[in-house]
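Participant: To start, I am sharing the structure in question, which I have written as structure tokens.
The values are calculated or read from the model by the stated rules, or taken from the named source; none is laboratory data. Not measured: the values here are computed from a predicted model. Using ideal geometry, Cβ is built from the backbone for each residue, glycine included, and neighbour counts are taken over all protein chains shown.
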Amino acid sequence: MRVESYLVAEMLQRLEQQLATLRLQGAQLATALGRDQYAAALEASDELYRALDAIVATTEILRDHIVRRDDLGKLGEGLGELVLRARSFVIVTQFDLLQAGLAEPAVEARTRGWFTGQFEGQGIAEVRTHVRARLAEIHATWRPYRQDQPLVPGMTETERTSICRSMIRVAQRALAELFGEPDLAWFLEHGAAATDLAEIHVACKQIVAALNVQIDVELSRPLLRRTRRAAPPSGAMERR
């Protein structure tokens, strides 16, 4: 799972950058159209298409890797659910690696000061258990409203979809707030700074990055799917 986790983490960071590019290109297109600058608008639309195509490719990679490995079943609620599950996958996988890496006696002695507050006198097993429990709580806020769950009596399908997407947004924020827990943050910050313990350093940095992913789009939107671009109308001049 190590390689898979690194790939998913990279795809999350790439998606974050691609969505920023998409917003920029969309703004440029809107500005050009608002000024009746149609040549500039056409150029911006090409850039917008390329940005969208990159996002579709990234989300397809994420979906292919996450749905088969995180034990949460078929993807149901679009980009927000995919991002949430991808972040969780990276965190869980990297904590598994940390538990193995910190088990060595010499490393355990070196890192004893990383465990403070609620983790004082404990070790990575307790931190891992705590994080897994918090992730289970977070996923429990939205999973009852998934498409594959029985509809709550008196609730319409439209209401179920709206509530599920809202709860996914709540879960996204709750996941980010994990890094606000001082004892967990203390551990992760020390691990990320331990450049002489390469695997531990990388694992902690991946966890911190997953906790801090900022994908500030409407996370309830359905996933984009790759389709063939329509050909220009017959007789239309090809731009070079």
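Participant: Mind checking which residues of the range 111-127 are closer than 9 Å to LEU184 by Cα and in a loop (DSSP other than H, G, I, E, B)?
Facilitator: Answer for the range 111-127, where residues must be closer than 9 Å to LEU184 by Cα and in a loop (DSSP other than H, G, I, E, B): PHE115, THR116.
Participant: Here is a follow-up. Does ARG160 satisfy the condition of being within 20 Å of ILE200 (Cα to Cα) and modelled with pLDDT of 90 or more? Spell out how you get there, then give the answer.
Facilitator: Values: within 20 Å of ILE200 (Cα to Cα): no; modelled with pLDDT of 90 or more: yes.
So ARG160 fails the test.
Participant: Using the structure shown, decide if THR93 is surrounded by fewer than 22 Cβ atoms within 10 Å (Cβ to Cβ) and of a type in the set (Ser, Thr, Tyr).
Facilitator: On the way: surrounded by fewer than 22 Cβ atoms within 10 Å (Cβ to Cβ): no; of a type in the set (Ser, Thr, Tyr): yes.
Here the answer is no, as THR93 does not meet what is asked.
Participant: Also, I was wondering about something else. Can you confirm whether GLY101 is at pLDDT below 95, under 23 Å from ALA192 (Cβ atoms) and crowded, with 16+ Cβ neighbours inside 10 Å?
Facilitator: Numbers: at pLDDT below 95: yes; under 23 Å from ALA192 (Cβ atoms): yes; crowded, with 16+ Cβ neighbours inside 10 Å: yes.
Taking the combined requirement at face value, the residue satisfies it.
Participant: Any residue in the range 187-216 that's without any contact (Cβ under 8 Å) to a residue 12 or more places away in the chain and more than 17 Å from ALA174 (Cβ to Cβ): show its pairings with residues that are assigned to a helix (DSSP H, G or I) and not basic (Lys, Arg) at Cβ separation under 7 Å, as long as the two are six or more apart or on different chains.
Facilitator: Correct list of pairs: THR195/HIS201; HIS201/GLY191; HIS201/ALA192.
Participant: Next question, about the same structure. Mind listing whichever residues of the range 179-205 are surrounded by 17 or more Cβ atoms within 10 Å (Cβ to Cβ), among the aliphatic types (A, V, I, L, M) and within 14 Å of PHE95 (Cα to Cα)?
Facilitator: Listed by number, the residues that qualify are LEU184, LEU188, ALA192, ILE200, VAL202, ALA203.
Participant: Could you check how many residues of the range 150-165 are assigned to a helix (DSSP H, G or I), surrounded by fewer than 15 Cβ atoms within 10 Å (Cβ to Cβ) and polar (S, T, N, Q)?
Facilitator: 2
To keep it simple, each residue is scored yes or no on (1) without any contact (Cβ under 8 Å) to a residue 12 or more places away in the chain; (2) in contact with a Leu (Cβ under 8 Å, 6 or more places away or on another chain); (3) not in a loop (DSSP other than H, G, I, E, B).
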{"residue": "HIS65", "(1), (2), (3)": "no, yes, yes"}
{"residue": "LEU79", "(1), (2), (3)": "no, yes, yes"}
{"residue": "ARG85", "(1), (2), (3)": "no, yes, yes"}
{"residue": "ASP96", "(1), (2), (3)": "no, no, yes"}
{"residue": "ALA109", "(1), (2), (3)": "yes, no, yes"}
{"residue": "HIS130", "(1), (2), (3)": "no, yes, yes"}
{"residue": "PRO144", "(1), (2), (3)": "yes, no, yes"}
{"residue": "ASP148", "(1), (2), (3)": "no, no, no"}
